[in-house]
Each structure stands twice: as structure tokens, then as C-alpha cells.
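All remarks here apply to the structure that follows.
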Amino acid sequence: MASSALKVLSRASKKLIKPSSPTPLTQKWHKFSLIEQAQTHTYVPFGFFYSNNQLGALSNQPAQISKLLEKSLSKNLVSYYPYAGEMKDNATINCNDKGVEFLNIHIDAPMSEILNHHDCNVKDVIFPNGVAWENDSEYGLVVVQLTHFDCGGIATSICLSHKIGDACNGLQFSIDWATLTRDPNAKITPPYYISDTIFPSPPSGPLDSPVVPSILDGCTQKRFVFSSSKVSALKSIVASESQVKNPTITEVLSALLFKCVAKAVTANSGSFIPSKLIQYADLREMISPKLPPNSVGNVLSHFSTHISNEADMNLPTIVSLMRKEKQLFRTKDNIKENAWALEILELAKGLPPHKKEFDEYTCSSVCKFPFYDVDFGWGKPMATTIATGPYNKLFNLMNFRDDGIEAFIMLDEQDMSVFERDEEFLEFASPYANY
């Protein structure tokens, strides 16, 4: 969609960036966990925008910017060596220093046109074409794109394979890369690779192929911003009307989105469908012993909030049920009783999937992650983004600069047309273009 809206003036042939020093033979093989074996080779895509004012004199030196980023990326890959390798099979990476792809493109438009375009899918022009959220791309385990705008601003985007790690890893990779760009002599704490130590292969051996299908729906994404004052007002309302007196930002925003999107779906379908909100949780600080923040791997599970009756689709009820489910989730042994891992083991047995009794919505929050700390030496990014995708009824929440939360909403066009006019939702949220 982005490529048809804007003309790409030039694209350099892709360049392979290898680690600046060879990976030791003792680190030649990286094993996937059960969860990673079950997943397809999709990419987690994040982007960061920097204005010409931030770049200063460098804004007129695109080749120099590229050289700086390529050199620091090469250094970063010494620590993140599995990303520079290639998959041997569905259970193993050969850490052979093959390298990662680095692309340069120039866009015949100012950065402001991309960021403020009425069609927010246009921003995806900063991501490598056909890579973000895609499965089995022709590219390797990491793809980086440096986009130059005709105003002198730039965007860096990075797509990392979900087979190796999650969004937490994508951010830490970006922060470490940025740090080495600012200071080539900086000491980076090497990542801790979890590999298959927490979720090992089944007793019968590694999975020959992924068992969790890759879902890429033909949906549209729209972005909305909740200012800090609106978030505070929403929290106060929920606290006064529910059993939860200290609701979190994620609880109140995910509940509002769940309610308003379900209302749009009901309006279009003609009747209420029992619904559930699935929320993923990072287990690094929940398990014992705790894992360091820079541990690499998919250390996740999920819990769900179920709404069976339309009368219960209100904020106080949703947040109260959500808090109960979250507390129950935290009391479980999320290694032995990991909901995701147990589902994978059933799928691996070839058992037919359970019939869905609820319409499914998903919320993923990275609000606690400091995406605006990705400073390559030009200051904090003026904007950050997630590529459009990968499936319907998905809400991604991310911090918005220093004031509020940004929501990336994925819906089919019919439901989106109703949702984006919802008066209750717009009482707290504003379209991104208004900022």
C-alpha cells in the first residue's frame, strides 16, 4: 500500500553486514525452544524516525549516515551472533556469520508527509518491502532498512525473526546498536541466550516444522493517541466504578478498546458474539530465578478475559475480570503450566484444534519498554512505529513520546469504519494525524 502511494526514487542493492569479529566455534549452534520451533519464520518490525534538525550537518550526507550505521551494526552482531547466522532446520541456527541485509532507499517526500498521511499504512514504506510480519521471506534472520527523506530526515527500521526472540529482544538489539553508533567503544552487556533451556523439545524430539500457522489478514491499521490526561481520567472512572481501585494503563486501555471494537463488530454482524480478550505476558520477571532483561528468546504466555453476555461488556466488569485472570495467571507455574506451550504440544500431536466458542481479540502492550531510548547520537526518535499487521482484531499499545500512549489497531475495513467513529472511544483517544 505504501509503495503505490509514494515513489521510491532509488534503492541500493542489498548489502550483507557481517559481525566485526568471527563467532567462536563453541557458539556455532543455537537451538530453538519448543515455542520457537512451533512458530513460523515471521519478522517483528519496529521503526524509528529522526528529523533533519536532529541530524544537523549529517542530513546532507546520506552515505556517511549509512557508513556509521553499517559499522556499528557489524559490531553489534558480535553479541547478537545468532541473528547473523542461517537456519539449519526448524530446531537449529548455524551461527556461521553469514550476515544480515542492510537496505538503503530514498523517498521522494518529506518525513512529515509519511507521518501525517491520512492513510497510516503509508508509513510502512520505511520497512523492507514484503518483509514485515511475513513468513519465510527470501531474506535472513534480520533485515535493516535506512530510509532517507527529501527533507534530510531519516528512518531506521529493523525486522528481527520471531524464531529467535520477541519484542523485548528487538528493542534491546536496537538500543545496543544505537549505543555503539554513539560510542564505538561502548561496553555492551552480552545477551543471555535462553535457547531450549526453559521450554525444551518434546520427548519425541524437535518439531520437524512449525505447527502454529502464520495468520496474515487483509486488514487495515489505524493509529490513535491517548494523552496522559485522558489516560488519567479513564483510570479514575474505572477506579470509581469497579472493584479495581488501582487499574493500570494497560488494563483500562485494553478494556476500552475491547469494548468499543466489539461494539463495532456487533453493529456490523447484527448480534453480540461471546468474546474474549487475549493478552500476552513477558515471563522474564515472573519465573524463578528471574531472567535478565537482555535474555534472548520467546519467554511468553497468555491469559484471557471472557465476556459471554453483552450486558457485561462494560469497563468496570471487563477490568475486574481482567484483574482476576491476571492474578490467577501470576499464581501459576508458567513454565510447567504455560498455556502457549501446552497448546503447542496438542497441535504437535496432530489433534484437531478446539472449536472456538468465543470471538477472539488480542492486545499486546510494550508500554513498559523504552522505545524512545533508541538514540543513535541524534537524540530520541521523534516518532516510533510498528508495521501494519499481522491479523484482525489486534491492538498494540506503545508509549507516545513523553505524553501518553499510542494504539495501533488492526481491523477489517467494515469494522474499522464503525469503530473510528465511536463517541465513547473518541472521548479519550485522538487520531494520530491530529498530533
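The values are calculated or read from the model by the stated rules, or taken from the named source; none is laboratory data. Computed from a predicted structure; not experimentally measured. Using ideal geometry, Cβ is built from the backbone for each residue, glycine included, and neighbour counts are taken over all protein chains shown. The protein model used for the area step is the full one, side chains on, heavy atoms only, and it has no ligands, DNA or RNA in it. Shrake-Rupley method; radii C 1.70, N 1.55, O 1.52, S 1.80 Å.
Observations on the structure shown:
- Derived scalar couplings between HN and Hα for region 268-277 equal 7, 8, x, 7, 6, 10, x, 9, 9, 9 Hz in order, rounded to whole Hz, by the Karplus curve 6.51 cos²θ - 1.76 cosθ + 1.60 (θ = phi - 60°), x for Gly and Pro.
- The residues of the chain present an accessible area of 43 Å² per residue when probed at 1.4 Å with all protein chains retained.
- 5 angstrom amide H check on GLY404, placed H, neighbours 5+ away: SER228
- Near ASP97, the amide H atoms lying under 5 Å from its own belong to GLY85; only residues 5 or more places off or on other chains count, and H is placed 1.01 Å from N.
- Over all other residues within a Cβ to Cβ distance under 9 Å of GLY99, the charged ones net out to +1, with Lys and Arg as +1 and Asp and Glu as -1.
- Expected-Rg normalisation [2.2 N^0.38 Å, Cα atoms] applied to region 112-244: 1.44
- In this structure, the residue pairs whose Cα-Cα separation is over 27 Å, taken from LYS222/LYS245; LYS14/LYS368; LYS31/LYS222; LYS336/LYS393; LYS123/LYS276; LYS235/LYS368, are LYS222/LYS245; LYS14/LYS368; LYS31/LYS222; LYS336/LYS393; LYS123/LYS276.
- J(HN,Hα) series, region 184-190, from Karplus relation 6.51 cos²θ - 1.76 cosθ + 1.60, nearest Hz, glycine and proline x: x, 9, 4, 8, 9, 5, x
- Rg and Dmax of the chain, both derived from C-alpha coordinates alone, stand at 21.7, 62 Å.
- Qualifying aspartates and glutamates (Cα of each under 13 Å from Cα of LYS98; at least 8 residues distant if same chain): GLU86
- Close amide H pairs (under 5 Å, H built 1.01 Å from N) link THR92 with PHE32, residues at least 5 positions away or on another chain.
- Each of GLN279, VAL319, ILE335 was placed along the dipole of region 271-368 (beta-carbon charges, centred on the mean Cα), and the one lying farthest toward the positive end is ILE335.
- Of the peptides 199-210, 25-36, the order by per-residue mean of other Cβ atoms within 10 Å, starting with the highest, comes out as 25-36, 199-210.
- Fraction of accessible area attributable to carbon and sulfur, the chain (%, probe 1.4 Å): 51 percent
- Residue-averaged 222 nm ellipticity for the chain, from DSSP H runs of 4+ at -39500 (n - 2.57), nearest 500: -8500 deg cm²/dmol
- Packing, as the average of other Cβ atoms within 10 Å across residues, places the peptides 407-413, 324-330, 155-161 in the order 155-161, 407-413, 324-330, highest first.
- Given charges at beta-carbon only (K, R positive; D, E negative), |dipole| of region 40-109 in Debye: 220 debye
- Local electrostatic count, MET111, Cβ distance below 11 Å [Lys/Arg +1, Asp/Glu -1]: -1
- Highest average first, the peptides 90-103, 265-278 ordered by how many other beta carbon atoms sit within 10 Å of their residues are 90-103, 265-278.
- Counting only Cβ charges, +1 for Lys and Arg and -1 for Asp and Glu, the dipole size of the chain around its Cα centre is about 1140 debye.
- Calculated translational diffusion coefficient of region 220-341 (10 °C, 1.306 mPa s; Stokes-Einstein with Kirkwood radius over alpha-carbon pairs) equals 99 µm²/s.
- Evaluating 6.51 cos²θ - 1.76 cosθ + 1.60 at θ = phi - 60° for every residue in region 93-107, the Karplus couplings come out as 10, 8, 7, 9, 6, 4, x, 10, 7, 10, 10, 10, 9, 10, 10 Hz, glycine and proline recorded as x.
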